[in-house]
Amino acid sequence: MSILVVGSVAFDTIETPSGRAERCLGGAATYFALAASYFTHVRVIGVVGEDFTEEHESILKARDIDTRGIEHVDGKSFFWSGSYHDNLNEAKTLSTELNVFESFSPKIPAEYANSEHLFLANIDPVLQERVRSQMPNVRIVCGDTMNYWITGHRANLEKVLKGLDVLLINDTEAKLLADDANLVRAADRVLSMGPKSLVVKHGEYGATAFFSEESFTGKPHITLPFRAPALPLSEVFDPTGAGDSFAGGFFGSLAAAGELTPAAFKTAMFYGGVMGSFAVERFGTERTQQLTREEIDQRFALFRELSHLD
């Protein structure tokens, strides 16, 4: 079961209380693809500049990620620099250089047309909708967005929401999208906009899923919440890729299950938390690219112990 992810492939410079990392490999599509690759086959569509070398691409290829959809053009790759010295839960942006990403126009290789699952990472909703319209036969579509698109490009974003099986955003974004400070009411409002299911990330406090029987059986809309924990960690090196790694673990597990059922959805929530917890243990993608499936399943067992009485 293959996943096609469309999003940013970038370089990050990151400062945290644990240190500083210069120009490490980053980007939403990168974090997502590496995390999802432990569950299923992943294909990537993105754009990079001349500074993205074969050495960088080999990090993805080492996980058997299909990189034929990464376009190489003249110029520099997307670059972001941020600091977490004040708050590990919120980055302070020091620099953003869109570079070649500014004119990104996703091109879908013919070999990707049979992808069963589609993840629309955090990019312009116009581009998300364009890709979605070219992939009418995918089984499950999951999407991400952020405050900038919610406040400044709402009309285009609403078109995207109507075509999603799962929307995956954080709690601040969910409340902003719904214009309601109560998460339960906000979730119900977001679901009425089109997504069949909503996954709300709470950072170090886990994630909550809101879905209805309609998601799985076609019955009338009833919002059913499910909460997955996060793993308490003694030290967080770099939170940058946690959310996208969560998305990769979640959607990778869901794709591997082969069908969208309540049980598969809940299991995927746990695997999302597992992959997010690994991502923060080192700078950039360093930890995620060196994992084993045994380590992943051992941590999944820890997540079960955190949330089960028996």
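At-a-glance table
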read-out	value
Per-region count, the range 1-32, residues part of a helix (DSSP H, G or I) and either free of Cβ contacts under 8 Å to residues at least 40 places away in the same chain or closer than 17 Å to Glu54 by Cβ (or both)	1
Condition check for Ile70: assigned to a strand (DSSP E or B), β-branched (Val, Ile, Thr) and touching a His at 6+ places or on another chain (Cβ under 8 Å)	no
Extreme residue, surrounded by the most Cβ atoms within 10 Å (Cβ to Cβ), among residues of the range 90-103 that are under 22 Å from Arg43 (Cα atoms) and free of Cβ contacts under 8 Å to residues at least 60 places away in the same chain	Val100
Residue list for the range 33-67, restricted to those being assigned to a loop (DSSP other than H, G, I, E, B) and of a type in the set (S, T, N, Q)	Ser37, Thr40, Thr53
Enumeration of residues in the range 69-89 that are among the charged types (D, E, K, R) and surrounded by 12 or more Cβ atoms within 10 Å (Cβ to Cβ)	Glu71, Lys76
Enumeration of residues in the range 77-89 that are in a loop (DSSP other than H, G, I, E, B), touching a strand residue (DSSP E or B) at 6+ places or on another chain (Cβ under 7 Å) and either of a type in the set (S, T, N, Q) or free of Cβ contacts under 8 Å to residues at least 40 places away in the same chain (or both)	Ser77, Asp86
Criterion violated by Met135 - all others in (1) closer than 21 Å to Ile150 by Cα; (2) surrounded by 12 or more Cβ atoms within 10 Å (Cβ to Cβ) satisfied	(1)
Enumeration of residues in the range 40-63 that are out of contact with any Phe, Trp or Tyr (no Cβ under 7 Å at 6 or more places or on another chain) and hydrophobic (A, V, I, L, M, F, W, C)	Val42, Val44, Ile45, Val48, Phe52, Ile59, Leu60, Ala62
Residue within the range 95-104 that is modelled with pLDDT of 95 or more and of a type in the set (A, V, I, L, M) present	yes
Some residue of the range 25-42 being farther than 27 Å from Asp171 by Cβ, modelled with pLDDT of 95 or more, buried (at least 16 other Cβ atoms within 10 Å of the Cβ) and touching a Ser or Thr at 6+ places or on another chain (Cβ under 6 Å)	yes
Segments classed as strands (runs of 3 or more DSSP E), wholly inside the range 187-305, with at least 2 members that are crowded, with 19+ Cβ neighbours inside 10 Å and either modelled with pLDDT of 95 or more or of a type outside the set (A, V, I, L, M, F, W, C) (or both)	197-201, 207-212
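The values are calculated or read from the model by the stated rules, or taken from the named source; none is laboratory data. All values reported here derive from a predicted model rather than from experimental measurement. Backbone-built Cβ (ideal geometry, glycine too); neighbour counts: all protein chains shown.
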